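Please read the structure below before turning to the comments.
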Amino acid sequence: MLQEDLEFRISQYIDGTLDDTQRRALEREVEQDPNAAQLLAQYRQLDRYLKTALPLPDVNYDALASRISDAIDEADRPPVLYSFKWVRRAVSIAVAACIVLAGGLWIYFNGLPRSNGSNGVIVQVIGPQSEAAYGDPVQVIQIGPSAYAAAGPSPAAEALIAKPSRLVIASAADPVQDTVLPY
Amino acid sequence: MDPQSARNPAPEGQGQLSDGVLVEQALNGQKAAFDELIRRYQRQAVAVSYRLLGNSNDALEVTQDAFIKAYRSLETIQKPEAFGGWLMRIVSNLSLNYRRSRKTRAQLPLDDLLETGGSQRASSTAGSEWMARTGNPHQTLESVEMGQRLHEALQQLPEKQRLAIIMFTIEQMPQKEVADILGISVEAVKWHVFQGRKRLKEMLKDHL
């Protein structure tokens, strides 16, 4: 701490910011204390280096002043607004052409969209139709839930109940042995 | 007379006018008054910026930017008499920002502003620019090396200590002005200068 205080006073001594009393006290201390004298010599040497070993570049200051002044004038000038009307028009035309071209290509590859105003049948499929059974059932198969499941509160049972609960296999012909075919 | 001076005739006896009067005149549209402020402070601005950046082209560019910024915000200056300190604050802030970003900017053609001899120009193209473009051709190799070491040591100091050393010790600006620029008290300037010196002494102990 004492060393720190001594060095701080030496620093101010070099800068000439100590008052007369402090300055004289330090000078006496330096005369009597070799450590203080050595520190003062080191700080003085450092100060000399700081003031002489870092020279500035040679600058043409007249030219620099003119350049700065011109740069200020340039920066101060109101911005020039250029009109790009023709560019805007050209861009609009190009965009419109692109849209027309894209539409044409889509129609070429996909055809015109058709619409009858509703989600009606586009393709009618005529296929085999079931015939109404007219004989007695050959066999009745129960495919619904068991009576127990149907009666219970299980949600799975409800799903099963919603499905067809019965499949009837009927035949219009009398049962025959396949080994005794009529042909 | 240059075209700018012709457009804005310089006030009579401008060289003797105080900074405050020149600021007022510049605010009233007399560009020549601001040109006088440029002439007064450009060297100090280049010096502070150069010592912070270590590159003359960067320092010139920052100096130019600082004056443009000062001109544009001149109406915000609170103490026109303290224009120099206000400008140095702009210079130091721009330099520190420039140093932090170290962005690669398109170099302005500023070489013509640097007055160099052929051999000096050749030496400046390699490595650090320190000492390469100086006005003292008799500088010894020893002092060139010392300058490089000192520059490197300065760059390692904390910002406030570095600025205090550069402005007060090297540029010998008044302590009060340095205090205003750094936004600290005069006592704090003394302390930062001392702390900076102490660190430099440790870093350069083999040379002291």
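Where a number appears in this text, it was derived from the coordinates with a stated rule and is not lab data. Computed from a predicted structure; not experimentally measured. Glycine gets a Cβ as well: all are built from the backbone with ideal geometry, and neighbour counts include every protein chain shown.
Using the alpha-carbon centroid of each, what span in Å lies between the range B:178-208 and the range A:1-49?
Using only Cα atoms to place each centre, the spacing works out to 15 Å.
Mind scanning B:Lys69/B:Lys190; A:Lys51/B:Lys69; B:Lys160/B:Lys190; B:Lys79/B:Lys176; A:Lys51/B:Lys176; B:Lys31/B:Lys69 and naming the pairs with a C-alpha gap bigger than 18 Å? Before the final figure, lay out each step's value.
Working: B:Lys69/B:Lys190 30 Å; A:Lys51/B:Lys69 30 Å; B:Lys160/B:Lys190 11 Å; B:Lys79/B:Lys176 14 Å; A:Lys51/B:Lys176 20 Å; B:Lys31/B:Lys69 15 Å.
The answer is B:Lys69/B:Lys190; A:Lys51/B:Lys69; A:Lys51/B:Lys176.
Which residues' amide hydrogens lie under 5 Å from the amide hydrogen of A:Val59, considering only partners 5 or more residues apart or on another chain, with H built in the peptide plane?
When sequence neighbours closer than 5 places are left aside, the close amide H contacts are B:Glu115.
In whole Hz, what ³J(HN,Hα) sequence does the range A:44-61 give by Karplus (6.51, -1.76, 1.60; θ = phi - 60°), x for Gly and Pro?
Each residue of the range A:44-61 in turn: 5, 5, 4, 4, 5, 4, 4, 8, 10, 8, 10, x, 8, x, 6, 10, 7, 5 Hz.
Using a Förster radius of 51 Å, what is the FRET efficiency between A:Glu27 and A:Glu74 based on their Cβ-Cβ separation? Nearest 0.05, please.
Numbers: r = 57 Å, r/R0 = 1.11.
The calculated FRET efficiency here is 0.35.
Can you tell me the Rg and Dmax of the range A:36-79, counting just the alpha carbons, in angstroms?
20.9, 64
Run the numbers for A:Ala90 and A:Tyr61: contour at 0.36 nm per residue of separation, minus the present Cα-Cα distance, in nm. All intermediate terms of the calculation are to be shown ahead of the outcome.
Details: separation 29, 0.36 × 29 = 10.44 nm, distance 5.04 nm.
Gain in length upon complete extension: 5.4 nm.
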